[in-house]
Amino acid sequence: MKRMTMINLMKASVKKIHSLSRASRCLPAEGGVRGFSSASGPRVCIVGGGPAGFYTAQQLLKARRDAVVDIYERLPVPFGLVRFGVAPDHPEVKNVINTFTQTAQHERCSFYGNVNVGKDVTIEELRQAYHAVVLSYGAEGNRSMKIPGEDLSGVFSAKDFVGWYNGLPNNKELCPDLNCETAVILGQGNVALDVARILLSPVDMLKETDITQNSLAVLAGSNVRRVLIVGRRGPLQIACTIKELREMVNLPNTRADMMPNDFEGIAEALKDLPRPRKRLTELMMKAVKEGRGDKVEKSWGFRFFRSPVEVLAGADGKRATGIRLALNKLEGSGEDTRAVPTGQLEDLECGLIISSIGYKSFPIDPTVPFDPRKAIVPNAMGRVQDTTGLYCSGWVKRGPTGVIATTMNDSFDTARVLIQDMEAGEVDLSVNKAGAQAITALLQTRGVRTVLFPQWEKINAEEEKRGKSLGKPREKLLDVDEMLKIAWS
Ligand code: FAD
């Protein structure tokens, strides 16, 4: 699915969901109890304030005029991967934040940041307090390569690397050493291309984005001149989309450095490809043809038919200095095409290795079913297996793939199923539930203080103020304590 096309589609499909002016709304007092907390409509709690959480809330509020929806988010700041994943040079993608903000400001919706569900409050406690609970907590882990040497210094997961340049508090200390000529990225999806682009973009192109000043300084001193993007299978199986590929092809002062042999037989296969893959492949082949020979400083290239087998250490045994790859051939056809090792190995010298082989969800509460193999909450159309009143949406529901528009559709589906269950009596609405009133009281006894949406807006204003003085849309706060201080000031 093309990221841009889907975003446009999404923009077109998202309607303004309420017309009340902000001033006329009944904003919650700290502690979050609204004047109408005794309303007898359904009370729904959403765990996670990323796209899935906000889209599920949006649909619930629209479909049931009596529903009250509360979103609990671990961090003091909302929007999940829109803030911490989407690349800083893709500001147009982040426009969805405007829609999420409208949802958060809806009179029947409340946002409670700084609440780590599973730790500060259990799912069982939420289920007691609400008619239904929707898990939308995303995929915060990463898949490991499971090869020797992956803990060496100089090896990072794309998740952490992306978190670092996007200001994720957990990754603020990452500070990768970019004092090497070649970087290898393992994986060929859009995240891999985001990372490659950030590594090779002229700093002047990045400095007006919301990339953090910290990472901008490190990137400004980078010696990385060559980025190789490695995949197990061939050009016809590559997972990136054309927008991201075009951005690589058009990067200033950078040429494509491919291996023409990898493209043998591809021209003949073109005519049978579906249109999006045909266009993607044609662009790659154009890059192969035109890429070499230009007098430019930097290069990037795909390396196909290769799987990582070991990260190679330098003389000190601590730092990565290369990667050993197994060469593959393909077996099978279509979607079932598999990479099979040929037995040949190849060593690539590099000082930076970033594995971009996927994100992964974790269980957050032992009472909730979890499928460790698929790393998702097992569900049927968003209904969590064997658990009445518990639902899921987004990456924790279907796995860590798909763009924001995919997450939107999937979240709308979960909301529809939940509404159906309410109407069919599967979700019992006959008893009043205390909702946020009960949960905020419980959190208070545990010394957990929430960040409400107007308090996030203070953080937002401070970030925008700091950004303005640097000529950027915002300068993100990196420290949770500082966020909290500003939120509660
Ligand atoms: P998330 O966005 O991860 O949101 C989950 C939220 O739950 C987070 O805010 C998290 O803090 C919170 N949470 C986690 N645990 C808890 C807990 N215990 N208690 C309370 N809250 C919790 N899509 C595009 O359309 N365009 C792009 O350019 C694009 N770029 C991307 C770049 C990267 C690097 C990545 C990884 C993804 C990108 N995507 C892009 C995909 C898009 O970000 C996802 O489709 C979408 O964010 C998934 O939404 P989600 O709500 O399921 O998960």
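So which of Ala487, Ala461, Ala436 is at pLDDT 95 or above, on the phi < 0 side of the Ramachandran plot and exposed (fewer than 14 other Cβ atoms within 10 Å of the Cβ)?
Ala461
So for the range 407-414 (the condition being surrounded by fewer than 17 Cβ atoms within 10 Å (Cβ to Cβ), within 30 Å of Arg65 (Cα to Cα) and in contact (Cβ under 8 Å) with a residue 40 or more places away in the chain), does at least one residue qualify?
No.
Do we have Val417 as among the hydrophobic types (A, V, I, L, M, F, W, C), modelled with pLDDT of 95 or more, surrounded by fewer than 20 Cβ atoms within 10 Å (Cβ to Cβ) and within 28 Å of Gly358 (Cβ to Cβ) here?
So Val417 passes the test.
Considering only the range 55-80, how many residues are in contact with a Pro (Cβ under 7 Å, 6 or more places away or on another chain) and under 26 Å from Asn142 (Cβ atoms)?
The number of residues fulfilling the criteria is 1.
Given the residues Gly113, Gly80, which is the only one that is in contact with a strand residue (DSSP E or B) (Cβ under 9 Å, 6 or more places away or on another chain) and either at pLDDT 95 or above or closer than 30 Å to Arg197 by Cβ (or both)?
On inspection, the qualifying residue turns out to be Gly113.
Can you work out which of the residues in the range 464-481 that are assigned to a helix (DSSP H, G or I) and touching a residue at least 24 places away in the same chain (Cβ under 8 Å) is surrounded by the fewest Cβ atoms within 10 Å (Cβ to Cβ)?
Selected residue: Val480.
What tally of residues in the range 422-440 results from selecting those that are outside any loop (DSSP other than H, G, I, E, B) and free of Cβ contacts under 8 Å to residues at least 40 places away in the same chain?
1
Of the residues in the range 349-365, how many are part of a loop (DSSP other than H, G, I, E, B) and either under 20 Å from the mean Cα position of the chain (by Cα) or closer than 19 Å to His131 by Cβ (or both)?
Residues meeting the conditions: 8.
Examine the range 397-414 for a residue that is among the polar types (S, T, N, Q), more than 30 Å from Thr209 (Cβ to Cβ) and at pLDDT below 95, and state whether such a residue exists.
Scanning the range 397-414 turns up no residue that is among the polar types (S, T, N, Q), more than 30 Å from Thr209 (Cβ to Cβ) and at pLDDT below 95.
A quick yes/no check of all residues on (1) without any contact (Cβ under 8 Å) to a residue 40 or more places away in the chain; (2) within 22 Å of Cys175 (Cα to Cα); (3) assigned to a strand (DSSP E or B); (4) not β-branched (Val, Ile, Thr):
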| position | (1), (2), (3), (4) |
| --- | --- |
| Val309 | no, no, yes, no |
| Leu312 | no, yes, yes, yes |
| Asp316 | yes, yes, no, yes |
| Ala320 | no, yes, yes, yes |
| Leu327 | yes, no, yes, yes |
| Ala339 | no, no, yes, yes |
| Gly343 | yes, no, yes, yes |
| Glu346 | no, no, yes, yes |
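Just checking, does the range 205-217 include any residue being within 16 Å of the ligand (Cβ to nearest atom), charged (D, E, K, R), part of a helix (DSSP H, G or I) and under 22 Å from the mean Cα position of the chain (by Cα)?
Looking for residues that are within 16 Å of the ligand (Cβ to nearest atom), charged (D, E, K, R), part of a helix (DSSP H, G or I) and under 22 Å from the mean Cα position of the chain (by Cα), one finds none in the range 205-217, hence no.
Would you please name the residue that is nearest to the ligand (Cβ to nearest atom), looking only at residues in the range 395-409 that are in contact with a Phe, Trp or Tyr (Cβ under 8 Å, 6 or more places away or on another chain) and closer than 17 Å to Leu60 by Cα?
For the range 395-409, the residue satisfying everything is Thr407.
For Gly317, are the conditions met, namely being modelled with pLDDT under 90, surrounded by fewer than 18 Cβ atoms within 10 Å (Cβ to Cβ) and on the phi > 0 side of the Ramachandran plot?
No: the conditions fail for Gly317.
For (1) without any contact (Cβ under 8 Å) to a residue 24 or more places away in the chain; (2) buried (at least 24 other Cβ atoms within 10 Å of the Cβ); (3) on the phi < 0 side of the Ramachandran plot; (4) within 14 Å of the ligand (Cβ to nearest atom), each residue gets a yes or a no:
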| residue | (1), (2), (3), (4) |
| --- | --- |
| Gln102 | no, no, yes, no |
| Glu107 | no, no, yes, no |
| Leu126 | no, yes, yes, yes |
| Gly141 | no, no, yes, yes |
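Looking only at residues that are crowded, with 24+ Cβ neighbours inside 10 Å and within 6 Å of the ligand (Cβ to nearest atom) in the range 71-80, which one is farthest from the chain's Cα centre (by Cα)?
Checking each candidate, the answer is Tyr72.
Which one of Asn142, Asn179, Asn223, Asn171 is at pLDDT below 95 and within 24 Å of Lys318 (Cβ to Cβ)?
Testing whether each residue is at pLDDT below 95 and within 24 Å of Lys318 (Cβ to Cβ) leaves just Asn142.
Just the residues that are among the charged types (D, E, K, R) and surrounded by 20 or more Cβ atoms within 10 Å (Cβ to Cβ), please, taken from the range 201-247.
Scanning the range 201-247 gives Asp210, Arg232, Glu244.
Of the residues that make up the range 285-296, is at least one among the acidic types (Asp, Glu) and either under 27 Å from Gly154 (Cβ atoms) or free of Cβ contacts under 8 Å to residues at least 24 places away in the same chain (or both)?
No, there is no match, as no residue in the range 285-296 is among the acidic types (Asp, Glu) and either under 27 Å from Gly154 (Cβ atoms) or free of Cβ contacts under 8 Å to residues at least 24 places away in the same chain (or both).
Across the range 366-405, what is the total count of residues that are in contact (Cβ under 8 Å) with a residue 12 or more places away in the chain, over 20 Å from Lys119 (Cα atoms) and not in a loop (DSSP other than H, G, I, E, B)?
Of the residues in the range 366-405, 8 are in contact (Cβ under 8 Å) with a residue 12 or more places away in the chain, over 20 Å from Lys119 (Cα atoms) and not in a loop (DSSP other than H, G, I, E, B).
The values are calculated or read from the model by the stated rules, or taken from the named source; none is laboratory data. Nothing here was measured: the structure is a model prediction, and the numbers come from that model. FYI the Cβ positions are ideal-geometry reconstructions off the backbone, even for glycines, and counts take in every protein chain you see.
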